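Have a look at the structure below, then the notes.
The numbers here are math on the coordinates, done by the rules we state, and not lab data. Please read these numbers as outputs of a predicted model, since none were measured by experiment. Backbone-built Cβ (ideal geometry, glycine too); neighbour counts: all protein chains shown.
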Amino acid sequence: MLPGGLQGQTGTGILRGQIVGSNGQGIQGVQVRVEATDLQAFTNVDGQFQLSVAPVGSRIVWFRRIGYRAETRTATISAGSTEQLTVTMEIAPAQLGEIVVTGASRAPEPTIDAPAAVSTISPAVSAQLAPTGQAALAVGRLPGVDMTQDGINDFNLTVRGFNTTTSRRVLVLQDGRDLSYAFLGAQEWPALSMSLEDWGHVELVRGPGSALYGPNAFSGVLDITTPTTRETLGNRVTATAGELKTERLDLRHGGMLAGDHLGYRLSGGYGRSDTWSRSRTNLGDLASEYASAVDTNKYPVQDPFPGYELLPLKGQTKEGSFGLPGPATGDRDALVNYYGTGRLDYYGSSGSLLTLEGGDARTENEIYVTSVGRFQVGGADRPWVRAAYASPGLHLSAWYSGRISRDQVSLAAGSPIHEVSNFLHVEAQANRQIMHGGARVVAGASARRTYVNSDGTLLSPQDDGRTDEYYSGYAQLEYTAIRHLRLVAASRLDGSNLYDTQFSPKLAVVYSPDDDNSFRLTFNRAFQTPSITERFLSVPAGVPADFTALEQALRSSPLGPALADVPEGTLFTTSSAVPVLGLGNEDLNVERMLNWEAGFKRRLGSRGFATVDLFVAELRDFVTDLLPGVNPAFGPWTAPTEVPADARAAVEQTVQGALTAGGSPEAAVGLTRLPDGSTAIVFSNGNAGRATEYGVELSAATSISNSVMAGVNYSYAGFDLDSSASVVGQEVLPNAPNHKGNVFLSYFGRQGLELRADARFASAYDWAQGIFAGRVPPSAIVDLTASYLWGGRYRAQVLATNLFDYNAYQMYGGSTLGRRTLFRLTAYF
């Protein structure tokens with residue numbers, strides 16, 4: 001550090017330039033980084049970049065992009081002046097180990113030295129998937145990832161198993177802003193207010209991240225860093241059309257003001273399409289829907305309790321009376337989403353960056369699967385605003401993110417749902433080199449306030465309109481003990497009015513004997529707090545059950561005399577309409593994880609990169625999904641007090657046996673009495689004791705030639721449930737395959753032609769969540785994309801997801817998916 005310090009001078013200068021290929025055309029997405037600083041930028045479509053550099057002096061600048069040979073230049077930058085560079089990059093094998101990541105340590109470091117399992121998604125891959133608008137597809141190709149899809153935009157993403165229909169174990173950040181929403185804590189992928197082409201650097205930290213990020217980083221962190229305004233100058237217009245009546249238009253405009261100190265960007269988009277989701281208002285609709293996807297003899301399909309939904313999808317009507325089954329007719333309303341955002345960046349004279357941005361995204365008619373049935377959102381708005389200050393050693397941010405929806409409905413129960421919720425979050429973080437560069441300290445603190453109001457449609461009245469507070473402090477110390485050996489220690493304290501203070505430590509040892517190999521050992525503790533839904537939910541979960549016939553059968557049996565004092569129709573309070581409810585559990589414990597990992601990373605000569613990651617994790621106080629019988633507050637149903645004491649047990653056992661024999665084991669286990677003494681069938685949450693997960697993740701990528709690249713990853717995960725909550729015919733499951741993998745082959749030509757094929761494989765697995773329980777068949781999905789750039793200004797693209805139309809469902813209760821082919825034209829000017 002000393003020579004660099006002697007060369008540095010006070011003041012700020014501008015480094016500006018252009019990166020071109022051998023054909024003279026600008027190269028987009030090149031990472032420009034000033035060595036030994038946090039200063040970096042990405043080139044725009046013309047290959048241009050600009051950086052404010054402080055302190056000034058002689059600086060080494062790196063230029064990197066996957067598929068090109070890395071370049072360095074030395075630039076002498078003077079205060080108040082502009083240094084101009086033009087750099088030519090040659091197509092060359094990828095140097096994946098040189099990619100710089102920040103998510104593992106909240107500070108920049110090469111991937112090969114990161115103290116965690118880290119995968120990255122290049123801007124080129126994001127751009128290839130941009131026609132779909134489906135951000136989660138890119139993440140689902142990474143090792144260790146469990147991704148399920150329902151319909152078009154409902155994705156559930158986790159790492160290393162224990163997936164759910166409202167998964168929230170992976171923290172998703174966009175420029176440090178949490179993209180989940182307060183009520184569920186889960187992601188709403190269609191509400192992203194950006195095009196995938198505007199994803200800059202994306203990385204996934206696999207494994208627990210609570211030591212630096214807190215509760216929602218239970219299984220991993222997905223960190224999306226969007227380009228600054230200097231990296232997106234000019235205009236872009238994109239139009240997409242294709243199967244499922246897909247139409248999409250995205251616009252972007254960016255420029256500079258105030259002598260290149262103030263940058264701005266405006267963007268917006270509109271899209272609509274049909275969906276693979278179907279109405280299920282008739283008995284057997286789910287079985288009919290799945291018959292086209294699986295061999296029903298091998299994978300029997302049984303409709304979940306009670307077997308049909310009261311309401312059809314929007315735009316359709318149901319034949320027959322309300323409350324009774326009947327076929328749906330008519331055309332479904334299209335899925336619609338649109339967004340608008342604006343961003344201002346002020347580039348300070350000391351190399352600092354001040355950002356103010358905000359926007360709104362709206363989604364309409366989307367269908368979501370939950371453990372108590374499917375919901376359709378007629379319309380939901382996701383407004384947000386963010387302010388941030390960044391300098392080489394200090395980051396400050398404050399952001400607001402909300403969700404407003406008064407047009408939602410439970411298809412299963414027919415009940416309306418309202419939600420107004422928001423986050424307000426402030427955070428500060430400092431990074432500093434100490435001990436003459438032999439150590440680095442990262443430290444920060446944050447505070448968050450959440451607000452949730454459902455107008456009594458989702459939460460019980462005493463718990464509605466609630467405000468909760470969360471606060472944390474964290475630190476990480478990295479120390480180079482001896483040459484090639486780095487020690488990392490981190491810890492975080494999290495507190496809230498909802499749970500006891502949690503301590504999340506992390507210890508890691510990274511040994512790099514040379515520039516091509518790295519070994520890692522890691523131990524950390526993570527925690528996951530129950531969501532507002534899991535604690536305080538109060539919502540109808542299905543059609544009320546009619547137990548009139550059951551009561552009459554009991555009265556006609558030898559137990560009839562014991563019911564003589566029970567008024568007709570009241571054995572189950574209101575026997576003709578027993579409520580089916582989803583209720584939260586205020587007594588849930590915080591879920592905890594102890595995790596051990598070993599990793600190995602290796603550069604494969606000059607052409608590739610390979611990783612091996614092993615993990616064993618122990619989950620304690622595992623929080624179940626909504627299931628009958630797991631919440632001790634709702635014990636087995638008891639006979640009315642009018643039944644004589646010596647006959648009560650016989651009545652209760654007969655009722656449970658009749659429901660089980662009649663094909664309703666969930667009703668038998670969930671039948672209970674509420675605190676007011678009335679009868680209901682309750683689905684709730686519980687803590688399922690202890691679970692162990694273990695496995696291996698393998699990945700490798702190599703450049704076959706200067707234009708052709710191939711990669712493969714494979715993941716195995718095993719699960720032991722030492723003490724699981726279970727019901728008749730259903731138990732708590734990881735909801736993930738034991739075996740899964742991805743293969744890709746890409747071609748990047750000198751003349752602007754890009755081709756890529758991806759294949760995803762997953763073994764069959766059992767799925768159980770709430771009313772949905774069944775077998776998910778194995779899958780093999782192939783995606784293909786091709787694009788051509790001409791004149792440096794125009795790009796044509798064709799993309800086919802699920803190219804061979806492999807009909808399958810990825811979660812039990814989700815929709816059967818098919819092929820989707822899209823065409824896209826983009827103009828840059």
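Structure data summary
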quantity: Dipole of the chain [Lys/Arg +1, Asp/Glu -1 at C-beta], most positive-end residue of GLY29, GLY373, GLY209; calculated: GLY29
quantity: Over segment 2-92, relative contact order from alpha-carbon pairs under 8 Å, at least 6 apart, %; calculated: 36
quantity: Positive-end residue, the chain charge dipole about Cα centroid, Cβ charges, pick of ALA182, LEU554, THR522; calculated: THR522
quantity: Electrostatic dipole magnitude of the chain [Cβ: Lys, Arg +1; Asp, Glu -1; Cα centre; debye, to 20]; calculated: 2820
quantity: Spin-label pair THR88/SER556, simplified geometry with 7 Å Cα→Cβ offset, distance in nm; calculated: 9.3
quantity: Long-range Cα-Cα pairs in segment 2-92 (distance over 19 Å), rounded percent; calculated: 35
quantity: Förster radius 45 Å - calculated FRET efficiency between ALA780 and ILE482, Cβ distance, rounded to 0.05; calculated: 0.40
quantity: Rounded to the nearest 20 debye, dipole of segment 2-92 from Cβ charges on Lys, Arg, Asp, Glu; calculated: 80
quantity: Helix 645-661 vs. the chain, principal-axis angle (Cα, 0 to 90°, nearest 10); calculated: 60
quantity: Segment 754-820: trypsin sites (Lys or Arg not before Pro) in DSSP loop, at most 14 other beta carbons within 10 Å; calculated: ARG793
quantity: THR501 paired with PHE761, simple spin-label distance in nm, labels 7 Å along Cα-to-beta-carbon; calculated: 5.1
quantity: At R0 = 25 Å, FRET efficiency that the Cβ-Cβ distance of SER705 and TRP790 yields, to 0.05; calculated: 0.65
quantity: Given charges at beta-carbon only (K, R positive; D, E negative), |dipole| of segment 685-826 in Debye; calculated: 800
quantity: Whole-number percent relative contact order across the chain, with pairs defined as alpha carbons under 8 Å at least 6 apart; calculated: 11
quantity: Value of D in µm² per second that Stokes-Einstein yields for segment 530-603, Kirkwood Rh from Cα pairs, at 37 °C (0.692 mPa s); calculated: 196
quantity: Extension gain, ASN589 back to THR76 (0.36 nm per residue minus Cα-Cα distance, nm); calculated: 178.9 nm
quantity: Lysine pairs meeting the criterion (Cα under 26 Å, 8 or more apart or interchain), as found in the chain; calculated: 5
quantity: Stretch gain in nm, segment ALA447-ALA36, where the contour uses 0.36 nm per residue and the Cα spacing is subtracted; calculated: 144.9 nm
quantity: Length-normalised contact order of segment 415-507 in % [C-alpha pairs under 8 Å, at least 6 apart]; calculated: 23
quantity: Cα-based Rg / Dmax (Å) for segment 193-329; calculated: 23.6, 71
quantity: Distance between modelled label sites at ALA577 and ARG406, nm, 7 Å Cα→Cβ extension; calculated: 2.6
quantity: 20 Å-binned pair-distance histogram of the chain (Cα, whole percent); calculated: 15, 48, 29, 7, 1
quantity: Sites excluded, GluC sites (Glu not before Pro) in DSSP loops with at most 16 other C-beta within 10 Å, longest stretch of the chain; calculated: 320-567
